[in-house]
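Report on one structure; see the data block that follows.
The values are calculated or read from the model by the stated rules, or taken from the named source; none is laboratory data. Given the structure is predicted, the values throughout are model-derived calculations rather than measurements. Here the Cβ is made from the backbone with ideal geometry for all residues, glycine too, and neighbour counts use every protein chain on show. To get the accessible areas, we keep the full protein, side chains included, count just its heavy atoms, and leave off ligands, DNA and RNA. Shrake-Rupley method; radii C 1.70, N 1.55, O 1.52, S 1.80 Å.
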Protein chains: 2
Amino acid sequence: MNSPAPHTAPPLHITTSPRVLVVGTGAIGGYYAGKLAQAGAIVSTVHHSQADFDAVRHQGITVESIHGDFHYRPFSVHREVSEYTATADILLVAVKALPELDVARLIRSAVRENTVIFLLQNGLGIETEVAQMFPLNPVISGLAFICVSRIRPGVIRHMCYGRLSIGLYPHGEADCVKELSSLFAASGVTCAVCMNIVEERWKKLVWNAAFNPISVLGRHATTRDMMASLPMRNVIENVMREVCRLANAEGHPLEEEAIVQKNLSETDRMEPYKTSMLLDFEAGRPLEVEAILGIATRIARKHALPTPFLDTLYALLKLATR
Amino acid sequence: MNSPAPHTAPPLHITTSPRVLVVGTGAIGGYYAGKLAQAGAIVSTVHHSQADFDAVRHQGITVESIHGDFHYRPFSVHREVSEYTATADILLVAVKALPELDVARLIRSAVRENTVIFLLQNGLGIETEVAQMFPLNPVISGLAFICVSRIRPGVIRHMCYGRLSIGLYPHGEADCVKELSSLFAASGVTCAVCMNIVEERWKKLVWNAAFNPISVLGRHATTRDMMASLPMRNVIENVMREVCRLANAEGHPLEEEAIVQKNLSETDRMEPYKTSMLLDFEAGRPLEVEAILGIATRIARKHALPTPFLDTLYALLKLATR
């Protein structure tokens with residue numbers, strides 16, 4: 001009997017000039033797609049805003065970067081995912097993680113047999129639905145450590161940082177992950193390959209769950225403003241500890257003491273920094289409240305763990321963005 | 001040997017037409033002084049703002065009240081306490097409770113041998129310094145349950161509620177307290193006499209410590225906005241419980257369950273209401289962060305009681321008003 005081999009480890013390879021379709025061509029998507037284009041990728045972009053679409057179609061995308069400005073023209077520019085009729089090797093999803101946005105449905109028309117889905121988004125649990133909907137496609141989950149902002153249609157400003165962490169979702173390794181990492185490396189982006197990307201998401205949440213909400217609730221507070229207040233440092237530390245305990249309960253043991261101290265001391269050394277949530281807030285964009293705090297409080301309830309600090313930030317942020 | 005009797009229970013009596021000097025003639029001070037004037041008191045006022053001083057000197061004070069509008073002209077109008085050279089029977093202090101404001105020093109020149117000091121302020125511990133500085137004067141501590149706002153110089157709008165709770169500080173009874181209560185009653189103000197006014201302050205703090213900060217942090221949230229969110233109701237309830245436990249540790253046992261449920265259900269039944277802290281915030285005035293939250297967190301540290309919800313609100317409010 002001649003049964004097909006189970007489709008467990010996709011034999012997918014990323015060529016040196018992959019076709020990349022970017023869904024959510026904001027600051028993050030536009031920046032990293034530009035780096036992929038520099039490395040030889042054939043980048044197409046989808047823009048949900050008419051102004052962005054018009055600007056990019058006529059002038060391409062300009063990145064004003066601390067590492068040197070650059071400019072690229074997407075191979076094709078679209079208003080809707082469904083307009084893209086080629087076969088993408090990589091679908092780079094960089095939309096915000098918002099409950100009202102059904103990413104699996106949004107990208108459906110562009111997911112072909114061999115498409116690698118690369119989710120470059122903040123928060124926890126952002127891969128679940130996509131992985132369920134496309135069980136045969138490799139899902140690469142990615143975290144961007146970068147301060148980047150779209151300053152007007154077609155123009156992105158890269159202020160600081162820039163490294164990536166990527167990994168096969170939910171864990172493990174795959175050639176396509178290494179190949180994607182190499183592609184980024186070719187254009188100068190440090191891109192770590194992680195065997196357990198979900199654990200990396202928890203580590204990033206230790207910082208994000210504290211500083212993102214507090215920067216907004218504290219009325220346009222920079223990292224320095226937040227760290228300068230003794231009562232606030234105490235709250236920040238407690239938020240970090242709560243996230244560590246949740247990660248632990250979820251099977252991702254983080255070294256609480258070391259991670260908390262590292263996050264605090266690194267933030268002390270940073271230049272005054274506006275969080276991405278504060279930038280969104282100031283621009284009147286929706287905030288990733290659920291992907292960053294809501295899911296943490298729900299995981300706390302599941303494990304019957306008390307998280308009073310997270311609970312307070314979550315309730316306040318929901319109220320403040322009602 | 002003929003030694004004088006110890007000056008423990010001041011034999012002070014308030015006449016039917018007492019001289020009242022109002023320090024802090026804002027909405028609260030202006031409203032209740034107006035009621036005392038209606039009851040026959042000879043009211044003088046101190047205004048630190050030139051605009052208020054000018055308006056009141058020329059036109060008196062108008063109160064647009066749900067119970068019927070009224071108008072009164074102070075007997076004398078001043079810029080500084082020291083300008084008042086008569087002997088006040090009652091010094092009505094209705095300034096905000098702010099750390100930078102030394103009330104004892106502010107009123108010093110007007111405190112005479114028989115002056116009753118009536119502190120009508122929010123928060124905890126607001127009497128301490130005044131009682132220390134003037135150990136021979138009776139201090140009446142008062143709480144106003146009222147929604148009242150100064151809408152322009154010389155004009156106060158009384159939106160709802162209006163009752164008072166007053167008591168001899170730190171506890172006990174005195175004729176002057178009953179007489180002050182009668183004076184308010186004569187002009188239609190419900191004024192309860194409390195044997196333990198500090199305990200009443202704790203009871204009021206149960207509500208204030210939750211709703212005042214959250215109304216500001218939640219971006220102009222009314223009581224209804226706050227109660228409409230399930231995660232926020234949970235936070236509110238926990239703040240109330242923390243305050244009850246602090247009161248208990250300070251020797252003021254509050255019936256936690258009953259008080260929390262009463263506060264929640266009464267707030268549910270209220271018309272959407274802007275807290276006094278939110279009104280101050282919207283008017284750009286300083287907030288009573290220390291008298292309402294700071295002192296609670298310091299009492300928690302003293303008793304080594306965990307108060308994560310209060311700690312978070314305090315740190316955020318300090319940051320937001322930096």
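Rounded to the nearest whole Hz, the Karplus-based 3J(HN,Hα) values (6.51 cos²θ - 1.76 cosθ + 1.60, θ = phi - 60°) of region A:71-85 follow the sequence 9, 9, 10, x, 4, 8, 10, 10, 8, 10, 4, 5, 5, 7, 9, with x at glycine and proline. Accessible surface for B:His171 stands near 120 Å², nearest 10, in the context of the full protein assembly shown (1.4 Å probe).
Going by accessible area, probe 1.4 Å, with all protein chains left in place, what is the ranking of A:Asp311, A:Asp102, largest first? Numbers along the way, then the final one.
Details: A:Asp311 15, A:Asp102 65 Å².
Result of the area sort, largest leading: A:Asp102, A:Asp311.
Taking the label point 7 Å along Cα→Cβ, A:Lys302 and its counterparts in the other copies are spaced 4.4 nm apart, in ascending order.
Under the definition of Cα pairs under 8 Å and six or more residues apart, what whole-number percent is the relative contact order of region A:200-320? Can you show the working numbers first?
Details: 128 pairs, mean separation 41.4, N = 121.
It rounds to 34 percent for region A:200-320.
For A:Lys302 and A:Thr16, the difference between the fully extended length at 0.36 nm per residue and the C-alpha to C-alpha distance is 98.5 nm. Rolling a 1.4 Å probe over the heavy atoms of the protein chains gives region A:19-195 an accessible area of 41 Å² per residue. Among A:Phe53, A:Phe70, A:Phe184, which one shows the biggest mean-square fluctuation in a GNM of chain A, springs joining Cα atoms closer than 10 Å? Maximum among the listed residues: A:Phe70. Each semi-axis of the equivalent ellipsoid for the protein assembly as shown is √(5λ) with λ an eigenvalue of the Cα gyration tensor; in descending order they amount to 62, 25, 20 Å. B:Lys35 sits with roughly 20 Å² accessible to a 1.4 Å probe, with DNA, RNA and ligands left out of the calculation. Straight-line cross-link reach from A:Lys203 at under 16 Å between alpha-carbon atoms covers these aspartates and glutamates, not counting any fewer than eight positions away in the same chain: A:Glu237, A:Glu242, A:Glu250, A:Glu255, A:Glu256, A:Glu257, A:Glu266.
Here is how far apart the A:Glu83 label points are across copies: 7.0 nm, shortest first, using a point 7 Å from Cα toward Cβ. Of all complete DSSP H helices in chain A, those with a Cα span along the helix axis of 15 Å or greater and a mean Kyte-Doolittle hydropathy of 0.5 or more are A:175-186, A:308-320.
Once the 1.4 Å probe is applied to the protein heavy atoms, region B:241-281 comes out at 49 Å² accessible per residue. With all pairs of separate Cα atoms included, region A:200-320 yields a Kirkwood hydrodynamic radius of 14.3 Å. When its C-alpha radius of gyration is set against 2.2 N^0.38 Å (N residues), chain B gives a value of 0.99.
Bridge orientation summary for the protein assembly as shown: considering DSSP beta bridges with both residues in this region, about 35 percent are antiparallel. Taking the chain by itself as reference, region A:188-228 contains these residues with an accessible-area loss of 20 Å² or more in the full protein complex (1.4 Å probe, heavy atoms): A:Leu217, A:Gly218, A:Arg219, A:Asp225. For the chain pair A and B, the interface hides roughly 2200 square angstrom of accessible area in total, found with a 1.4 Å probe.
Which residue fluctuates most in the GNM of chain B (Cα springs below 10 Å): B:Glu266, B:Glu256, B:Glu200? Looking only at B:Glu266, B:Glu256, B:Glu200, the largest GNM fluctuation is found for B:Glu266. Once you reduce region B:222-276 and region A:228-244 to the center of their Cα atoms, the two points are 25 Å from each other. Run down the lysines and flag those whose C-alpha is under 22 Å from the C-alpha of B:Lys318, throwing out any fewer than 8 positions away in its chain. Those lysines meeting the cut-off are A:Lys274, A:Lys318, B:Lys96, B:Lys204, B:Lys274, B:Lys302.
Taking Cα pairs under 8 Å and at least six residues apart, what relative contact order does chain B come out at, in percent? Write down the numbers at each step before the final one.
On the way: 593 pairs, mean separation 49.9, N = 322.
After rounding, I find 15 percent.
When DSSP assigns beta bridges and you keep just the ones with both residues in chain B, what percent turn out antiparallel, to the nearest 5?
Taking every DSSP beta bridge within chain B, about 35 percent pair in antiparallel fashion.
Would you give the gap between the C-alpha center of region A:122-178 and the C-alpha center of region B:47-93, rounded to a whole Å? Here the two parts' Cα centres lie 64 Å apart.
On the accessible surface of the protein assembly as shown, probed at 1.4 Å, how many percent belong to carbon and sulfur atoms?
Looking at the protein assembly as shown in its full context, I get 52 percent from C and S.
Amide hydrogen proximity for B:His78: with H placed 1.01 Å from N in the peptide plane, the residues at 5 or more positions away or on another chain lying under 5 Å are B:Thr45, B:Val46, B:His47. The same position A:Pro286 in the other copies lies at 4.2 nm from this copy, comparing label points 7 Å beyond Cα toward the beta-carbon, shortest first.
When only Cα pairs below 8 angstrom with a gap of at least 6 residues are kept, region B:19-195 shows a relative contact order of 23 percent.
Taking the three principal axes of the alpha carbon atoms in region B:1-134, the coordinate ranges are 58, 35, 29 Å, sorted in descending order.
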